[in-house]
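Colleague: Next up is a structure, given as structure tokens.
The values are calculated or read from the model by the stated rules, or taken from the named source; none is laboratory data. As the structure is a computational prediction, the values presented were derived from the model and not from experiment. Here the Cβ positions follow ideal geometry from the backbone for every residue, glycine too, while neighbour counts run over all protein chains shown. When the accessible area is computed, the model is the full protein with side chains, heavy atoms only, and any ligands, DNA or RNA have been set aside. Shrake-Rupley method; radii C 1.70, N 1.55, O 1.52, S 1.80 Å.
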Amino acid sequence: MLHSPWFLVLPALLPILLLSVGPILYGIALAFTDAQSGRTQATGWIGALNFRDLLHDTLFWDSFRIGLVWAVGVTVPQFLLALGLALLLDQKLRLRWLARALAIVPWAMPEVVVGIMWRLVYNPDAGILNETLRGLGLGEDRVWLGGLATALPAVLVVGVWAGMPQTTVALLAGLQNTPRELHEAAAIDGAGAWRRFRTVTWPALRPVALTISALNLIWNFNSFALVYVLTGGGPGGRTRLPMLFAYEEAFRYGQFGYAAAMGCVMVAVISVLLALYLVGRLKGDEDR
């Protein structure tokens with residue numbers, strides 16, 4: 001028993017089972033009950049009733065749509081901006097070490113701190129953004145986080161800014177693993193910068209780009225703290241992501257079973273995204 005491989009991996013396996021697998025299984029079981037806060041009666045088994053109610057809950061599906069817009073709207077510009085920054089930081093520039101250090105500052109900041117800082121930036125009365133626009137004569141003060149039309153775009157900007165460093169670091173690592181000899185050979189053959197990127201840089205960078213993009217999409221879809229601090233899901237539900245909706249159902253209204261059903265739906269969506277990513281990776285490995 002002491003020499004069994006399972007015994008050797010047990011110290012690493014136990015925290016995963018207790019802190020990850022256990023809560024997931026408990027949440028799935030809770031989704032089939034009528035669990036509520038403050039109930040005097042015992043929690044009862046109600047089958048798929050929560051899922052049936054969820055199917056007709058337009059507010060949840062609105063939040064689900066907003067979550068998809070948020071995930072894609074953050075992931076795509078995040079990747080494009082990070083790619084440009086990684087290409088820039090890969091060049092032999094003066095004080096490149098300082099630029100690389102400054103580029104990861106947002107990554108080192110907790111999401112709550114980032115949210116508070118950007119709330120100050122967007123402050124309608126004394127925020128830096130409105131002060132700058134006022135100084136340039138570009139219009140009156142705007143309530144960025146409180147406007148129905150501006151809340152989601154404003155939050156998207158913060159999401160891109162906060163998540164871009166980790167994507168930059170991953171892409172920069174991929175760029176540095178690309179053999180310099182290939183770039184030199186392509187340059188000698190007369191290839192321009194765009195052709196070198198298309199034929200040398202991107203093929204070497206593609207596995208890293210696909211991996212970090214898939215992970216970012218999943219992480220962004222699961223976002224909670226940043227949007228909660230910035231808007232709390234308002235105004236009028238314009239920034240209410242699925243995680244925020246489930247949080248409100250569980251801890252504001254005490255509908256634990258119903259909130260668990262929402263969690264199951266989100267886990268299913270994330271599992272599908274992860275499966276698609278893994279299938280794509282396996283196909284790419286077979287092609288190579």
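Colleague: How many residues does region 158-211 hold that are part of a helix (DSSP H, G or I) and at positive phi? Lay out the reasoning, then the answer.
Modeller: Of region 158-211, the ones part of a helix (DSSP H, G or I) are 158-176, 180-188, 193-211.
Now drop any that are not at positive phi, which leaves none.
Residues flagged as part of a helix (DSSP H, G or I) and at positive phi within region 158-211 amount to 0.
Colleague: Still on this structure, I have one more. Restricting attention to region 16-29, does a residue exist that is out of contact with any strand residue (DSSP E or B) (no Cβ under 7 Å at 6 or more places or on another chain), over 19 Å from Phe221 (Cβ atoms) and of a type in the set (Gly, Ala, Ser)?
Modeller: yes
Colleague: Check region 222-244 and report whether any residue there is part of a helix (DSSP H, G or I) and farther than 25 Å from Gly146 by Cβ.
Modeller: Taking every residue of region 222-244 in turn, none turns out to be part of a helix (DSSP H, G or I) and farther than 25 Å from Gly146 by Cβ.
Colleague: Look at Trp194 and say whether it is surrounded by fewer than 14 Cβ atoms within 10 Å (Cβ to Cβ), closer than 19 Å to Phe79 by Cβ and not β-branched (Val, Ile, Thr).
Modeller: yes
Colleague: Taking Ala101, is it more than 18 Å from Val227 (Cα to Cα) and either of a type in the set (S, T, N, Q) or open to solvent by 40 Å² or more (accessible area, probe 1.4 Å) (or both)?
Modeller: Yes.
Colleague: For region 113-150, enumerate the residues that are open to solvent by less than 80 Å² (accessible area, probe 1.4 Å), within 19 Å of Tyr228 (Cβ to Cβ) and free of Cβ contacts under 8 Å to residues at least 12 places away in the same chain.
Modeller: Val113, Met117, Val121, Asn123, Thr150, listed by residue number.
Colleague: How many residues are open to solvent by 50 Å² or more (accessible area, probe 1.4 Å) and either free of Cβ contacts under 8 Å to residues at least 12 places away in the same chain or not aromatic (Phe, Trp, Tyr) (or both) if we restrict to region 223-238?
Modeller: Total meeting the criteria: 2.
Colleague: Right, here's the next one. From the residues in region 1-40 that are farther than 19 Å from Phe251 by Cα and not in a helix (DSSP H, G or I), which one is nearest to the chain's Cα centre (by Cα)? Reasoning before the result, please.
Modeller: First, pick out the residues of region 1-40 that are farther than 19 Å from Phe251 by Cα: 1-22, 25.
From what is left, the residues that are not in a helix (DSSP H, G or I) are 1-4.
Working: Met1: 42, Leu2: 41, His3: 41, Ser4: 39 Å.
Out of the qualifying residues, it is Ser4.
Colleague: Ok, one more. What are the residues in region 269-288 that are part of a helix (DSSP H, G or I) and either open to solvent by 70 Å² or more (accessible area, probe 1.4 Å) or at pLDDT 90 or above (or both), if any?
Modeller: Residues satisfying the conditions are Val272, Leu274, Leu276, Leu278, Val279, Leu282, Lys283, Asp285, Glu286, Asp287.
Colleague: Let me ask another. Go over the candidates Pro153, Pro110, Pro165 one by one and state the one that is open to solvent by 70 Å² or more (accessible area, probe 1.4 Å) and either at pLDDT 85 or above or of a type in the set (Phe, Trp, Tyr) (or both).
Modeller: Values: Pro153 fails: open to solvent by 70 Å² or more (accessible area, probe 1.4 Å); Pro165 fails: open to solvent by 70 Å² or more (accessible area, probe 1.4 Å).
Of the residues listed, the single one that is open to solvent by 70 Å² or more (accessible area, probe 1.4 Å) and either at pLDDT 85 or above or of a type in the set (Phe, Trp, Tyr) (or both) is Pro110.
Colleague: Also, I was wondering about something else. Could you tell me which residue of region 174-186 is farthest from Val112 (Cα to Cα), considering only residues that are in contact with a helix residue (DSSP H, G or I) (Cβ under 7 Å, 6 or more places away or on another chain), among the hydrophobic types (A, V, I, L, M, F, W, C) and open to solvent by less than 50 Å² (accessible area, probe 1.4 Å)?
Modeller: Ala186
Colleague: I would also like to ask the following. Specify which of the listed residues (Met262, Met266) is at pLDDT 90 or above and either of a type outside the set (S, T, N, Q) or open to solvent by 40 Å² or more (accessible area, probe 1.4 Å) (or both).
Modeller: Among Met262, Met266, only Met262 is at pLDDT 90 or above and either of a type outside the set (S, T, N, Q) or open to solvent by 40 Å² or more (accessible area, probe 1.4 Å) (or both).
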